[in-house]
Amino acid sequence: MTDKIGYTRKGDVAVLRIKNPPVNALSHAVREGLVAGMAQAEADDGVKAVVIVGEGRAFIAGADITEFGKTPLEPFLPDVCKRIEDSPLIVVASMHGVSLGGGLEIALSAHYRVAQPSAKVGLPEVHLGLIPGAGATQRLPRLIGVDPSLDLITSGRQVKAAEAESLGIVDQVTEGDPEDVGVAYAENLIATNAPRRPVSEMAAPAPIDWDAAYDGTLKKGRGQISPAQAVRAVQAAAELPFDEGMLAERKIFMELMETDQRQGMIHAFFSERAVGNLPELKGVEPRALQSIGIIGGGTMGAGIATAALLAGFNVVLIEMKEDAAEAARGRIAGNLSGALKRGKITQMKYDAMTNTALEVSINYDSLASVDLVIEAVFEDMGVKKEVFGKLDAVCKPGAILASNTSYLDVDEIAASTSRPADVIGLHFFSPAHIMKLLEVVVAEKTAPDVVATGFALGKALNKISVRAGVCDGFIGNRILATYRTAADHMVLDGASPFQIDKALVDFGFAMGPFAVGDLAGLDIGWATRKRKAATRHPAERVPTYPDKICEAGNFGQKTGKGYYIYEAGSRGGVPNPEVSELIAAERAERDITPRDFTDAEIVRRYMAAMVNEAAKVVGEGIAKRPLDVDMVLLFGYGFPRYWGGPMKWADLQGLPALLADIESYAKEDAWFWEPAPLLKQLVAEGRNFDDLNKQAAK
Ligand code: 3H9
């Protein structure tokens, strides 16, 4: 037995206690210990039942993800499950906290399952680019039928104990110490002469239209393969004897283990957790945060206020006039009533948030006692400086002054106050109460505890916070500007915006760049182009047709027309033929003979532009690590999670080939396609972006 499994005896019942903090992942030592524990119980005179229980905060969070990609060591998890199920003793799993993936598979191999009311179960393997690989695709359909099994396995969603009980996954939900509950349940089974009840011996589930389920799942996954493959594994449960079904599951699992998608999703899993782990924050205590001020109650300000209220902060929102203040109050109430309708908050909480926790004022003096204030006013340096001047005058010493600017120079804003060390950028993404990303923009003089407070706020708001340095657009918008330009160039040279959007949606993006422009409002890009016109490099190729779309008053979805035409109330549009005419006219004017682009070339150029700019962002220290860029694109820009992010994608493609492509594109436009020095350096050294992540983790 390993020290990862405790063995105790309670009358006729042996208890196997898993002790592998923090979440009892099924590491090699745990698997060995479980097998040894079963043998010990079977050899222990008088033992009639075994209870498996987890120590600490969870039953079992699943296979040990850190072992993936390494040589698997015996006993393999499916064999551990079989060993448990085949035991002549009655086996009970007593679950608390989470039982996920392999954790639920261990429970499904037990003959009975009991759970705490707060317990949750799920099969999240699809979020790692996998399917369950230790029998869940074979046992669960036998236990609860095909449809609910497919729902759980293809979505990866977690269900609470009550739902698990009603689905038939759990036999009983009882509150108490998990070990006591499990032992009492086992004693009762012994007393009533209950039989062993191996799920594998239950009847095969009834079949469904498998091809339709496969196609539907593939479509829903937008290019992600593992959920669709899970359908095939469940199909095997219906069509094959149990042992053969297990082999079919294993085959699919091992094939998925070899995919780029599995690597991408596991990179996303660990990066999500590493992103807030910065050496500069070690040992730095954040400042206390209870009340938050917000300047501006437009969509962004109201969204931030909503997020802050939902996280339990008191909010003071400042508007300029009474009617604007009322409108802001209405926006926040609207956002919160959405949360109420979705069951995220109770009516009581809603009332408290809108009445007590929220103050809307037209007087800056109301900010005198707030701990942190976030400015979300018009993107104009003059306006921002005026606001920060007022904040500097009214806010208490030690209050943090934050700007939600999406591209302006936070150093310049900080310098306009008497307390630059207390100034930081907190760049939210709209709608701020829904989007997960927060860029924490650290200016030259920002104090470490102010940075730590930015991250603490992000955590409280349930955001993925990423550290960014100061530059035009920080991490996300700066990279966006570049890949967006690559798309504009392709349009000038012959691709249509509609083909580009489609190619990128097929690649896995939630939307293509032109549809995104329509959604955000084309006037935003128009304003940016005007702002940048004066400082533009002479070699820059900037199309003028997008200005013409705007000049005609077409700003996208909000006006019903942009790159696409939207029927009233519709979010999906049809291509706008006027755009094609404007593009054709501009090509003629510039003497460009349009050429054909394949979808593959579109994706390659778009991604190459993204990665090249991202490498510059990392090389300049704007992002500390490649994984920071990956998380920004994943959580703020609809990048497909199964690629892990653009830097992970680049690693998977191979950096030398990508650099070679960039160098070949540079022959057409040396200014735009200038290779990033960091990319050249990594290729020369035979390293990749993940090597930089690993170096930073040391
Ligand atoms: C599987 O089971 C395959 C099988 O079907 C077949 C096999 C043959 N392994 O998230 P947290 C670490 S696939 C290793 O911050 P929370 C995590 O990295 C697996 N490590 O806490 C973190 O480390 P650190 C299916 C793991 O309370 C620490 O634990 N299971 C694992 O917010 C705390 O995690 C899953 O996909 C793991 N399985 O959330 C479950 N899980 O402190 C994935 C966590 O060094 N895990 N760690 O940064 C989760 O969803 C959440 O971590 C969980 C806890 C809900 C468990």
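Each reported figure results from applying straightforward, stated rules to the coordinates on display, with no laboratory input. All of these numbers come straight from a predicted model, not from anything done at the bench. When we count neighbours, we look across all protein chains shown, and the Cβ atoms used for this are built from the backbone with ideal geometry, even at glycine.
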Order of F474, F253 under a 10 Å beta carbon neighbour criterion, fewest first: F253, F474
Given the chain, report the % of alpha carbon pairs whose separation exceeds 33 Å. 57
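Taking the highest mean first, how do the peptides 239-246, 505-512 order by number of other beta carbon atoms within 10 angstrom per residue?
Values: 239-246: 16.1, 505-512: 18.4.
Final packing ranking: 505-512, 239-246.
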Cα-based Rg of segment 3-69 normalised by 2.2 N^0.38 Å, two decimals: 1.14
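Beta carbons within 10 angstrom, averaged per residue: use that to sort the peptides 142-155, 605-618, highest first. Please list the in-between numbers first.
Details: 142-155: 20.4, 605-618: 25.4.
With the highest mean Cβ count within 10 Å placed first, the list reads 605-618, 142-155.
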Arranged by the count of other C-beta atoms within 10 angstrom, fewest first, what order do W671, W649, W526 take? W671, W526, W649
Helix 577-590: inclination vs the chain longest Cα principal axis, degrees, rounded to 10, gives 60
All-pairs Cα distance distribution in segment 571-698, expressed in whole percent, bin size 5 Å: 2, 9, 16, 20, 17, 12, 10, 8, 4, 2, 0, 0
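Counting only helical runs of four or more DSSP H residues, what would the 222 nm mean residue ellipticity of the chain come to if each run contributes -39,500 (n - 2.57) and the total is spread over all its residues? Write out the running numbers ahead of the final one.
Numbers: 29 runs with 339 residues, N = 698.
Estimated from H runs of four or more residues: -15000 deg cm²/dmol.
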Full extension from K341 to A670: what is 0.36 nm times the residue separation minus their Cα-Cα distance, to one decimal in nm? 113.1 nm
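Relative to the Cα centre, what is the charge dipole magnitude of the chain, using +1 at the beta carbon of each Lys and Arg, -1 at the beta carbon of each Asp and Glu, and rounding to the nearest 20 debye?
Dipole size: approximately 720 debye.
Based on the mean of other Cβ atoms within 10 Å per residue, sort peptides 178-184, 106-112, 39-45, 269-275 so the most packed one is first.
On the way: 178-184: 21.9, 106-112: 26.6, 39-45: 13.0, 269-275: 17.4.
Top of the packing list down: 106-112, 178-184, 269-275, 39-45.
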Could you work out how much longer the chain between A327 and D365 gets when fully extended? Use 0.36 nm per residue separation minus the Cα distance between them, nm to one decimal. 11.6 nm
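Could you list S337, S496, S418 so that the one with the fewest beta carbons within 10 Å of its beta carbon is first and the one with the most is last? List each step's numbers first, then the result.
Details: S337 13, S496 18, S418 8.
Placing the least packed residue first, the sequence is S418, S337, S496.
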Among V450, A311, P397, pick out the residue whose Cα is farthest towards the positive end of the charge dipole of segment 289-468, where Lys and Arg carry +1 and Asp and Glu carry -1 on C-beta, about the Cα centre. A311
Among the listed pairs K220/K251; K321/K445; K502/K561; K219/K344, give every one whose C-alpha distance is greater than 25 Å. K321/K445; K219/K344
Restricting to bridges with both residues inside the chain, how much of the DSSP beta-bridge set is antiparallel, in percent to the nearest 5? 25
How many nm is it between the label spots at E285 and R571, if each spot is 7 Å from the Cα in line with the beta carbon? 4.5
Calculated on alpha-carbon atoms, Rg and Dmax of segment 235-368 in Å: 24.3, 74
Once you have a ≥ b ≥ c as the square roots of the Cα gyration tensor eigenvalues for segment 5-261, tell me rounded if a/c is under 1.5, and otherwise prolate or oblate according to whether a/b is larger than b/c. prolate
On C-alpha positions alone, give me the angle between the axis of helix 655-666 and the longest principal axis of the chain, in degrees, nearest 10. 20
Helix 260-274 versus the longest principal axis of the chain: what angle, 0 to 90°, nearest 10, using Cα atoms? 80
